[in-house]
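> The following block contains the structure, expressed as structure tokens.
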Amino acid sequence: MAGQLQFGSSENASMKALIATDGSHNAGEAAKMFATLPHAGPLEVHILTVIYMPPDDSGGMAYAWLPEFIQTEEARAKEGFEKIASLFVGDDVVTNHLICHGHVGHTITEEARRAGVDLIVIGAQGHSAIARMLLGSTSDFVATQACCSVLAVRSDKVPDTTSPMRVVIAYDGSEPSRLAVDEFVKSSWGPKCDVHLVHVLPQGSMFARATSQDIDAARKDGKAMIEEVAQRLKPAVSNVATHILEGDSIGQVITEFAQENGVDLVMLGDTGRSAISQLFLGSVTRYVLRHADCSVWIARKPRC
């Protein structure tokens, strides 16, 4: 009910982020997008390069080239670090470079856990609709397994810094969606951002046996709920619009709305909480991650 919503503190706080890079265009664009986002307090950026070590089944004979390979890859990693670090300037920003060897996805999530970061930033592959559904195996692994929030950046949809960023925040009153709002308001976006606050009424489950009065009441309650959230957002952003949407698939409604409105970023909470659900993203979250044609920020309460 409106009036009973509780959120975390919006006071400015330090932030730790891990940017995973392999030197690719996707990784570079992901770093660029994160660098354009506002941060209201000290920012600590860990720039991680993971050098994948293929298994050796030859008794060591096939690894004669390994020292040179590692030297070349580490040199590339250092060059890539300098490019990304140059994006982050200011007395309140600290960057450091990590080079690790091993399974890429596992290493990213483990280093994020070890460093206690708040957010992992990673490039998401895929330009066509089919490619977006497949996503990158590493991006998918990290988004599912990470102990913290994840920003998956579409390199072909990095916003123009001369125009306000267009953001959709999906809100349903749950703890994960409140966390998404909390993470958004930690920074003062101001005129740099236009926000669409979206609440979706699932027609299939909610309206199947509902009377017209029930449907009207659900719409009214939803509108009151997101209007209250909009008031909380206004100190952090100049323009907030609220939308009550309806559809059989919540994820599909969100992604279609984002595409139709030229949105740059969708923020939503991760519904997974149990030990089993950590192996899978919530159905809505996974759908948006795989189908949205823009970047996706999955807000997650630290679970490690």
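> Do you know which of the residues in the range 264-281 that are of a type outside the set (A, V, I, L, M, F, W, C) and either modelled with pLDDT of 70 or more or closer than 30 Å to Ser163 by Cβ (or both) is surrounded by the most Cβ atoms within 10 Å (Cβ to Cβ)?
First, the residues of the range 264-281 that are of a type outside the set (A, V, I, L, M, F, W, C): 264, 269-274, 277-278.
From the residues that got through so far, the ones that are either modelled with pLDDT of 70 or more or closer than 30 Å to Ser163 by Cβ (or both) too are 264, 269-270.
Details: Asp264: 21, Gly269: 28, Asp270: 26.
Top of the filtered list is Gly269.
> Still on this structure, I have one more. Any residue in the range 15-35 that's more than 19 Å from His103 (Cβ to Cβ): show its pairings with residues that are among the aromatic types (Phe, Trp, Tyr) and in a helix (DSSP H, G or I) at Cβ separation under 8 Å, as long as the two are six or more apart or on different chains.
Qualifying pairs under 8 Å: Ala17/Phe34.
> Which one of these is modelled with pLDDT under 90, under 20 Å from Ala30 (Cα atoms) and not in a loop (DSSP other than H, G, I, E, B): Ser205, Ser163, Ser139?
Sole residue among the options that is modelled with pLDDT under 90, under 20 Å from Ala30 (Cα atoms) and not in a loop (DSSP other than H, G, I, E, B): Ser139.
> Of the residues that make up the range 63-72, is at least one modelled with pLDDT of 90 or more and surrounded by 13 or more Cβ atoms within 10 Å (Cβ to Cβ)?
No - not one qualifying residue is present in the range 63-72.
> Determine, yes or no, whether Pro302 is part of a loop (DSSP other than H, G, I, E, B), modelled with pLDDT under 90 and in contact with a Cys (Cβ under 7 Å, 6 or more places away or on another chain). It would help to see each step written out before you state the result.
Details: part of a loop (DSSP other than H, G, I, E, B): yes; modelled with pLDDT under 90: yes; in contact with a Cys (Cβ under 7 Å, 6 or more places away or on another chain): yes.
In short, yes.
> Test Ser128 against the criterion of being of a type in the set (Gly, Ala, Ser), modelled with pLDDT under 75 and either closer than 22 Å to Glu44 by Cα or over 14 Å from the mean Cα position of the chain (by Cα) (or both), and give yes or no.
yes
> I've got another one for you. Has the range 242-253 got at least one residue that is farther than 26 Å from Ala146 by Cα, modelled with pLDDT of 90 or more and among the hydroxyl-bearing types (Ser, Thr, Tyr)?
yes
> For the range 46-62, which positions are modelled with pLDDT of 80 or more and assigned to a loop (DSSP other than H, G, I, E, B)?
Our first condition is that a residue be modelled with pLDDT of 80 or more; within the range 46-62, this holds for 46-52.
Listed by number, the list holds a single entry, Tyr52.
> From (1) modelled with pLDDT of 80 or more; (2) under 21 Å from Ile120 (Cβ atoms), pick out the condition that doesn't hold for Gly90.
Here Gly90 meets the rest and fails (2).
> Out of the range 169-191, which residues are assigned to a strand (DSSP E or B) and touching a Leu at 6+ places or on another chain (Cβ under 9 Å)?
The answer is Ile169, Ala170.
> Just the residues that are on the phi < 0 side of the Ramachandran plot and surrounded by fewer than 23 Cβ atoms within 10 Å (Cβ to Cβ), please, taken from the range 254-263.
Scanning the range 254-263 gives Glu256, Phe257, Gln259, Glu260, Asn261.
> Okay, moving on. Which condition number in (1) surrounded by 15 or more Cβ atoms within 10 Å (Cβ to Cβ); (2) closer than 21 Å to Ser249 by Cα is the one that Gln145 fails?
Among (1) surrounded by 15 or more Cβ atoms within 10 Å (Cβ to Cβ); (2) closer than 21 Å to Ser249 by Cα, Gln145 violates only (2).
> Give the residues of the range 29-45 that are part of a loop (DSSP other than H, G, I, E, B) and of a type in the set (A, V, I, L, M, F, W, C), sorted by residue number.
If the condition is that a residue be part of a loop (DSSP other than H, G, I, E, B) and of a type in the set (A, V, I, L, M, F, W, C), then Leu37, Ala40 are the ones that fit.
The values are calculated or read from the model by the stated rules, or taken from the named source; none is laboratory data. The model shown is predicted, which means the values in this text are computed figures rather than measured ones. Glycine also receives a Cβ, built like all others from the backbone with ideal geometry; neighbour counts cover every protein chain displayed.
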